[in-house]
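Visitor: Starting off with a structure, shown below.
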Amino acid sequence: MNQRQEEIRREDQRYRGRFRRMMLLSLAGGLVLGLSAVKLWGLDEESKVWFSTTVIPVLGCAVVWLCGGVQWIAGAVLRRKSVQSIENAQTLDDEGREAAQEAVEQPLNLLLSLCALSCTSAFTGMGLAVAGFRSEEAVMSGVSVGVAAVVGLWVFLAVMLHYQRWAINFIKEQNPEKRGSVYQTDFNKTWVESCDEAERAQIYRAGYAGYRAAVMTCLVLWVLSVMGIVAGLLSWTTVLFVGIIWIASQVGYIKSAAKQGKSGTSAY
Amino acid sequence: MPLQNRLKEHRARLGLNQQEMGRRIGASRQTVSLIERGDYSPSVTLALKIAKVCGVRVEDVFQYEEEEP
């Protein structure tokens, strides 16, 4: 064994203990979840139906309207803060205006992050709410909840688009080199193309962090889906959809890495 | 960060604000600010552009100092 192989062997040895402990913990956690799932499986059909067709849809509808409310209030507060900050800086010198522009980046980033996060939450909520449509025993209330969620989603999208468009156009006013309209279908591509090297590096780093979070979440969801199927609460389609998202994340990463490998830029 | 820079000094000498400097080197105001704070190390291309706009050598704008172990 040469020196490099010896270094690699020692590095593996250093982390092997922690890895073994993690695997044992996961096994123990899986056993606990499995036993809980068997217990849930023992619930009567009426409870399961009530949970699926009443609790979940109402929760979903509530999430949609909550997202709309939070977006409206937070959007108004962050917009006022950003505009005031820039207006107050007009009387200052170059350094003062630059400091104000830097200070305003935080509320703007917060607003755009809120738009993205609340959008996915609202869509998820609506998806949960329409489960009420399937309730045969409480048809009217199930349909009402579903319709309320759909209306809530449209209201939310209008509010979110309003603030998203304002934030993007405000950023474009402060940074004339930025391009892209929120009404464009390939807005992200146009926006990234107008970013310089430092901004692109930040975006790509954030993208990689997002990919890692997606893969980890898929693993957890897979475990929960399997437990849900055993408990009779979920169908096989849940695991299928989780698998599709998992595979899509991996394929996207692999394709990009392979493309960069061909162009001579290392992806690792 | 081992890369130090005197971009702010050169920018002040030229009488440019960050926005104007960014426009001349083809970068955003934020990137100029990040470079001045030492939070971002520019690529070779960008460093050369900065030196050209400042009218000095790259070494007069950026200095590499080894970090002590």
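The values are calculated or read from the model by the stated rules, or taken from the named source; none is laboratory data. What you are looking at is a predicted structure, and each value in this text was computed from that prediction instead of being measured. Heads up, the Cβs are rebuilt from the backbone with ideal geometry, glycines too, and the neighbour counts pull from every protein chain shown. In case anyone asks, the SASA skips ligands and DNA or RNA and just uses the protein heavy atoms, side chains included. Shrake-Rupley method; radii C 1.70, N 1.55, O 1.52, S 1.80 Å.
Visitor: Is it the case that A:Ser113 is at pLDDT 90 or above, assigned to a helix (DSSP H, G or I), surrounded by 17 or more Cβ atoms within 10 Å (Cβ to Cβ) and among the hydroxyl-bearing types (Ser, Thr, Tyr)?
Guide: no
Visitor: Would you check if there is a residue in region A:231-239 being among the aromatic types (Phe, Trp, Tyr), in contact (Cβ under 8 Å) with a residue 12 or more places away in the chain and more than 14 Å from chain B (Cβ to nearest Cβ)?
Guide: no
Visitor: Next up: Testing A:Gly232 on (1) at pLDDT 90 or above; (2) not in a helix (DSSP H, G or I); (3) not hydrophobic (A, V, I, L, M, F, W, C), one condition comes back false. Which one is that?
Guide: Result: A:Gly232 passes all but (1).
Visitor: Would you check which residues across region A:158-213 are over 20 Å from B:Gln30 (Cα atoms), outside the structural domain of A:Cys67 (by TED's automatic domain parsing) and open to solvent by 70 Å² or more (accessible area, probe 1.4 Å) and list them?
Guide: Those that are over 20 Å from B:Gln30 (Cα atoms), outside the structural domain of A:Cys67 (by TED's automatic domain parsing) and open to solvent by 70 Å² or more (accessible area, probe 1.4 Å): A:Tyr208, A:Arg212.
Visitor: When you scan region A:1-109 for helices (runs of 4 or more DSSP H) that lie fully inside it, which ones turn up with 3 or more residues that are touching a residue at least 60 places away in the same chain (Cβ under 8 Å)?
Guide: Counting at least 3 such residues, we get A:3-41, A:56-89.
Visitor: Taking only pairs six or more apart or across chains, which ones have beta-carbon atoms under 6 Å, a first residue in region B:25-49 that is more than 9 Å from chain A (Cβ to nearest Cβ) and without any contact (Cβ under 8 Å) to a residue 60 or more places away in the chain, and a second residue that is in a loop (DSSP other than H, G, I, E, B) and of a type outside the set (Asp, Glu)?
Guide: Correct list of pairs: B:Gly38/B:Met1.
Visitor: Going by the conditions given, is A:Gly243 surrounded by 15 or more Cβ atoms within 10 Å (Cβ to Cβ), small (Gly, Ala, Ser), away from chain B (no Cβ under 14 Å) and out of contact with any His (no Cβ under 6 Å at 6 or more places or on another chain)?
Guide: When the stated conditions are applied, A:Gly243 does not pass them.
Visitor: OK, next. Step by step: first the residues of region A:189-230, then only those that are charged (D, E, K, R) and within 14 Å of chain B (Cβ to nearest Cβ), then the one that is nearest to A:Leu128 (Cα to Cα). Which residue is that?
Guide: Per the criteria, the residue is A:Arg205.
Visitor: Also, quick follow-up: Could you please let me know if A:Gln106 is of a type outside the set (A, V, I, L, M, F, W, C), more than 30 Å from A:Val147 (Cβ to Cβ) and modelled with pLDDT of 75 or more?
Guide: yes
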